[in-house]
1. Gaussian network model of the chain, Cα springs within a sub-10 Å range: biggest mean-square fluctuation belongs to which of T34, T104, T51?
2. Placing one identical point scatterer on every Cα of segment 75-144 and ignoring solvent, what is log10 I(q)/I(0) from the Debye formula at q = 0.15, 0.16, 0.20, 0.21 Å⁻¹?
3. Could you work out the pair-distance distribution P(r) of segment 1-125 from its alpha-carbon pairs, with 5 angstrom bin width and percents rounded to whole numbers?
4. Cα centroid distance between segment 86-146 and segment 20-83, in Å?
5. Highest GNM mean-square fluctuation, the chain, Cα pairs closer than 10 Å: which of G41, G112, G58?
6. Among F38, F4, what is the fewest-to-most ranking by other Cβ atoms within 10 Å?
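FYI, it's all coordinate maths here, none of it is from the lab. All values derive from a computational prediction rather than experimental measurement. Cβ sites come from the backbone with ideal geometry, for glycine too, and all protein chains shown count toward neighbours.
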Amino acid sequence: MVLFSEPGAHWRAVAYGPLLCAGILAVEWLANSTTHAFALGFCALALGGFTVLQVIAGRTHARVELTASTLRQGVEVLSLAEIAAVLPPEDDDAAQARPLGALTGVPRRRRGIGLRLVDGRIVQAWAIDHAGLRAALTGALAGSQQ
């Protein structure tokens, strides 16, 4: 059962570039001017292709999923049994801690949440909806300790 989830990237982003190219082609056609169908088709394929790569990377490295037993942050999976406590937002040690997910830092547009592990280390979980992840983590840890 998934308690919290952020996909990291959405597949709908792949359609934005090709839709823009189609819109430009429609404007050219409606304006009865020279249409650049080949160039716009090439640009649509290039934009769509590069965006597919970005979405795959986002869904791999920026995905967050909390279940009743694990926390997935990108490519790293942490068992909830390894988490001793969720640290308060103002904890200074958490801001300097290693982020989960095999990344060098907390991904853009996401905020870190300090976690104290049972071995004493402090790490950072992260999410766009950091308040939602904090609440779900706190609830999951309370439920697993009962």
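1. T34
2. -0.43, -0.49, -0.79, -0.88
3. Result, from short to long distances: 2, 10, 15, 16, 13, 9, 7, 7, 6, 6, 4, 3, 1, 0, 0 percent.
4. 27 Å
5. Comparing G41, G112, G58 in a Gaussian network model of the chain, the most mobile one is G41.
6. Going from least to most buried by this count: F38, F4.
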